[in-house]
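Written out below as structure tokens is the structure these notes cover.
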Amino acid sequence: MRDAADNPFSPGSDIIPAVWAGRVEQLSDWRDILRPRLLSGKAERGRTILGDPGLGKSSLVRRIAAGAKRAGDWVTPQLRIPSGTDPLKRVAAAILDLAEQAGLPASREARIATALDRVQAVSVSGIGLTLRNHDGPEPYSALTDLLVEIGQAAIARSQVAVIHIDEVQNIGDDTVLSQLLIALGDTITFETDVTLPGGVIASRALPIAVYLTGLPDFAEMAGARRGATFARRFKTTTLSPLGDDDLAAALQPFVLDGWEVPDGEGGLARIRMTPEAVDAILHLCQGEPFLFQLAGERAWYAGTARTITRDDVLRGWLGAVPEAADHVDRILSRLPGREREFLEAMARLEPAERLHSRIAEEAGFAKATDAGPTARRLDEKRGIISRGKPITFRHRAIGAYLTSDWPRPEGV
């Protein structure tokens, strides 16, 4: 019964796991704020959700998008942007798909046909349209014009159009990033006139939601290139690891009722988990959504009985130790040298001694104030530490990796 087909744990950045944990604030933001306000015609900023690998950025927005699609909204697929590619082509193709969902290709209006043709050209040539002589608008203008038409159609249907662009930190070209952010920003701030009951004319925003997801570096990239305009048009959230309460709540169905699976004989069975097994998973994953799914997956495969025990968790995790270590190593290897030096110096000190002055001294900085900007970036931009007296590791997996034998389980 505990076989691969029935395993509900999914350690993958692009998968919506069946065992969902946390992110209540972001899910509530979509359900209770963003969607209702867009449907009522209120303007809302785009959402930029950033964080280090493994924190569940993509799966979070995929879950939001899946819920939107079930509600009848028009949703793009997750638009991943590989390094070195022209994202305008990818986004243009997705906008054409939204137009198809909105029924625009069937329209007989000349302006809509023109908008479709122009975005079709962007989907073929991308930023190349700006590099040669041509008649017509820049790519960002063509994208904006068609998005406005999609927004108008969404108003008529009382629906929302959702755009999700992932791996945005890979947009390294200033011109491309500028055109993309302007197109999306102009769309979500666009106002159109509508006729209300009684013939009253009023202005309203378009019901278009934009989600950008990527690594923390993007906030500085976009801020440096687009400045205050980006900050005004997009609300940025940097994800942190999950709390143990969120993770324990996700596993509670296993403890109380058991997880329902086919029994192989045409009926149903339930896979349970002991409280000790839950505690072991919480300790091993250190609040990381990816590692939480990894620990659960390995524990599921570690036995065949209807109850997952602590021994199952530990035995399964032993095979995951190299992957867990590589996961944290990749995060650390991305950091600039000064930031990594700060974390390593912090780890060498006892928790009570982790003050700015002591860390600066341990790291070999010329003076204590030199640690300030580094600590601020590690806190506000990356979510790895929490500044205070003393400074603490907010990213618990990094803290455990630098200060203990983790990810190797204790006593095994």
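Numbers for the structure displayed
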| item | result |
| --- | --- |
| Residue in region 3-11 that is in a helix (DSSP H, G or I), in contact with a strand residue (DSSP E or B) (Cβ under 6 Å, 6 or more places away or on another chain) and open to solvent by 10 Å² or more (accessible area, probe 1.4 Å) present | yes |
| Filtered residues of region 337-363 (kept if open to solvent by 60 Å² or more (accessible area, probe 1.4 Å) and not in a helix (DSSP H, G or I)) | E350, L355 |
| Selection status of G399, crowded, with 20+ Cβ neighbours inside 10 Å, assigned to a helix (DSSP H, G or I), touching a strand residue (DSSP E or B) at 6+ places or on another chain (Cβ under 8 Å) and touching a residue at least 12 places away in the same chain (Cβ under 8 Å) | yes |
| Evaluation of G316 against (1) open to solvent by less than 20 Å² (accessible area, probe 1.4 Å); (2) within 29 Å of the chain's Cα centre (by Cα); (3) in the same structural domain as P262 (by the TED database); (4) in contact (Cβ under 8 Å) with a residue 24 or more places away in the chain (one fails), failing number | (4) |
| The one condition in (1) without any contact (Cβ under 8 Å) to a residue 40 or more places away in the chain; (2) under 24 Å from G22 (Cα atoms) that G296 fails to fulfil | (1) |
| Test: residue in region 166-183 that is in the same structural domain as T85 (by the TED database), at positive phi and crowded, with 20+ Cβ neighbours inside 10 Å | yes |
| Unmet criterion (only one of (1) touching a helix residue (DSSP H, G or I) at 6+ places or on another chain (Cβ under 6 Å); (2) more than 29 Å from G316 (Cβ to Cβ)) for L34 | (1) |
| First in region 271-282 and at negative phi and in contact (Cβ under 8 Å) with a residue 40 or more places away in the chain, second anywhere and of a type in the set (K, R) and outside any helix (DSSP H, G or I), Cβ under 9 Å, 6 or more apart | I271/R2; I271/R306 |
| Any hit, region 289-309, residues being of a type in the set (D, E), surrounded by fewer than 16 Cβ atoms within 10 Å (Cβ to Cβ), on the phi < 0 side of the Ramachandran plot and not assigned by the TED database to the domain that holds D52 | no |
| Inter-residue pairs, beta-carbon under 8 Å, first over 18 Å from V313 (Cβ atoms) and in region 254-266, second part of a helix (DSSP H, G or I) and open to solvent by less than 50 Å² (accessible area, probe 1.4 Å), 6+ apart | V261/D6; P262/D6 |
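Rundown of residues vs (1) under 13 Å from the mean Cα position of the chain (by Cα); (2) modelled with pLDDT of 95 or more; (3) closer than 29 Å to E220 by Cα, yes/no style:
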| site | (1), (2), (3) |
| --- | --- |
| R2 | no, no, no |
| L38 | no, yes, yes |
| L50 | yes, no, yes |
| G54 | yes, no, yes |
| S59 | yes, no, yes |
| Q78 | yes, no, yes |
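The values are calculated or read from the model by the stated rules, or taken from the named source; none is laboratory data. Please read all numbers here as calculations on a predicted model, not as lab measurements. When we count neighbours, we look across all protein chains shown, and the Cβ atoms used for this are built from the backbone with ideal geometry, even at glycine. SASA here: full protein model, heavy atoms, side chains in, ligands and nucleic acids out. Shrake-Rupley method; radii C 1.70, N 1.55, O 1.52, S 1.80 Å.
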